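Note sheet for the following structure.
The values are calculated or read from the model by the stated rules, or taken from the named source; none is laboratory data. Fair warning: this is a prediction, and the values are worked out from it, not measured in the lab. Methodologically, a virtual Cβ is constructed for each residue, glycine included, from the backbone with ideal geometry; neighbour enumeration extends over all protein chains shown. Surface accessibility is based on the protein's heavy atoms, side chains included, excluding ligands, DNA and RNA. Shrake-Rupley method; radii C 1.70, N 1.55, O 1.52, S 1.80 Å.
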Amino acid sequence: MLATWTPDQELNQVRLRSGADMKRKLKWYDLVALGVGGMLGVGVFVTTGPVARNHSGPSVFISYIIAGISALLSSLCYTEFSVQIPVAGGAFSYLRVTFGEFVGYFAGANILMEYVLSNAAVARSFTEYLCSAFGISDPNSWRVEVPGLLQGYNKLDFSAVALVLILTFCLCHSTKESSILNLIMTAFHIVFFGFIIIMGFCNGSVENLVKPTGLTPNGIRGVLDGAAIVYFSYIGYDSVSTLAEEIQNPPVTLPVGIIGSVFIVSGLYCLMALALCVMVPYNQIAEKASYSMAFQRIGWKWAGNIVGAGASLGIVASLLVAMLGQARYLCVIGRARLVPSWLSKVHPSTGTPLNATLFLGLCTASIALFTDLDIVIEIISIGTLLVFYLVANALIYRKYVLTSKNPPFPTLSFLFLITSCAIGFSISWKLEQQWWGLPLFGGIIMVVTAFFQYTVPCLGPPSEWSVPFMPWPAAVSIFLNVFLMTTLKMLSFQRFAIWGLLITLFYVLYGVHSTFEAEETGMKMAVNEVPNPSIQLTKLEV
């Protein structure tokens, strides 16, 4: 469970288990387009309306700013790891080389859960916007209601299933051609975003931002609750890091692709959220197909149809990138033998993880068939926030212990204090009456981080790209991810606990035994390949 791998082993020894290599065809603009395309269609069309109506009100754009800052800090941590370990495993590989196999597996399983559920939810929202593109006001009109099934699971969506299966077969064919398709759709999508923003501001009223109950009808608490939910909108950027084996010049391409896409999308999200709230008072925003309904409310039915068509296109682009990323995660987890090894195979002619793509496509289509968006959206956020929290911890530990050769106790103590203070701050926030805890725990976090920065040196060799002003960005990322997690409902934690128990049982009953046998087999093969086994054993031990 605690066994760690070196970056060299991840890049060479473990990667060879896939058979053929993935083909390096992607350039920096491909990566930016994939990052933008992966994020744009998901959040703004799926979460903005419900969050504005039920949580943040007209200040939903502030929720996007807070979530964007947290996503940017997390993306910095991801970028440094992806440059140093340019493999397709993303957070799974980063945590496996830092904290060991089980932590990497737990994060990887949560990322896969988040991808599958979010892709299923987004595929169902595709049906809603497609209805509005054809002028149909009822978003459930193309779904088949089955009496006798539980509420939330009783409306079968065959359009969503068809979309997921079509994209799955596209991704099986070629990554580069899928990237070109995404580039074209993303270019149209940004033009379409510009249309919504300009038309929204031209035909809306600034008075809608303060009517009927002010900019923040539920106070700062509503704004932060909304930030935790719209964090779902930023999921797509981490899928960019899973393409590290398929890009040219990773040290330059990865930082531009990951950080650049987060900046672009954050700005567009805020403008889109403002445009929606300017057009319609927040308490009149529709929870389904919000933008199409907003244009119809101001009398522009034709614009509502255009919005439905454009949103459908954006959702297709987002699904394409997310499904691209989820297959790479499963492929690398299969290389580690934590799941059956046939999922790790790369097809020699297409250079894509064919088995993983097909398997996850079928899982996504099955869930998209019957599961409503509201059931999965918060469990998606909690899984994502947890993984980003772990990656920020791993970056600090790697830089100050594994690379700088400092003793681990000071760094582990610092990480424990930061997390504890973040939890204390969150509890004070939840209790409402204990306002004294907010400046107390916030002040402790700043003092502890400054003390750690000046007492524990970061002496590692110069890297091709590293996060500036360490450890501050990673420490703030840890705090924000913990705080945003605590704003989610208790039901989300209960569902997440059930999922965590299931994946832990799978690891104990299958994963740990499979990886152990794979390493034993690898050692025997290595010994048999050299004339002097004792020399090879010595090298392996080292």
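Compute the accessible area per residue over the stretch 25-388, keeping the other protein chains in place, probe 1.4 Å, unit Å². If you can, show how the numbers build up before the last one.
Details: 10630 Å² over 364 residues.
Here the per-residue accessible area is 29 Å².
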Amide H neighbours of residue 466 under 5 Å, counting only residues 5+ apart in sequence or on other chains, H built in-plane at 1.01 Å? none
Given the candidates 37, 371, 346, the one whose Cα lies deepest towards the positive end of the charge dipole of the stretch 25-388, counting +1 at each Lys or Arg C-beta and -1 at each Asp or Glu C-beta, is 346
Ranking request for peptides 237-248, 338-349: highest mean number of other beta-carbon atoms within 10 Å first, then the rest in descending order. 237-248, 338-349
When ranked by the protection proxy of mean other Cβ atoms within 10 Å per residue, highest first, what sequence do the peptides 187-199, 443-455, 93-105, 320-332 form? 320-332, 93-105, 187-199, 443-455
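In the stretch 25-388, carbon and sulfur make up what percent of the accessible area (probe 1.4 Å)? Before the final figure, lay out each step's value.
Values: 7470 of 10630 Å².
Of all accessible area on the stretch 25-388, carbon and sulfur atoms account for 70 percent.
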For a quick check: with amide H placed at 1.01 Å from N, whose amide H comes under 5 Å from residue 156's, ignoring anything fewer than 5 positions away on the same chain? 144, 145, 146
Whole-Hz ³J(HN,Hα) from phi, Karplus 6.51 cos²θ - 1.76 cosθ + 1.60, for the stretch 380-387, glycine and proline x: 5, 4, 5, x, 5, 4, 5, 5
Could you calculate the FRET efficiency of residue 413 with residue 502 from 1/(1 + (r/R0)^6), where r is the beta carbon distance between them and R0 is 30 Å, rounded to 0.05? 0.40
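How big is the stretch 25-388 by the Kirkwood estimate over distinct Cα pairs, in Å? Mind dumping the intermediate values first?
On the way: mean 1/r = 0.0493 Å⁻¹.
In the stretch 25-388 this quantity evaluates to 20.3 Å.
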Can you tell me which of 494-507, 414-427 comes out highest on packing, and rank the rest after it, using the mean Cβ neighbours within 10 Å? 414-427, 494-507
Over the stretch 406-484, relative contact order from alpha-carbon pairs under 8 Å, at least 6 apart, %: 41
Amide H partners (placed H, <5 Å) of residue 346, local residues excluded: 20
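How much FRET efficiency would the formula 1/(1 + (r/R0)^6) give for residue 211 and residue 454, where r is the Cβ-Cβ distance and R0 is 56 Å, rounded to 0.05?
Details: r = 50 Å, r/R0 = 0.90.
So the FRET efficiency works out to roughly 0.65.
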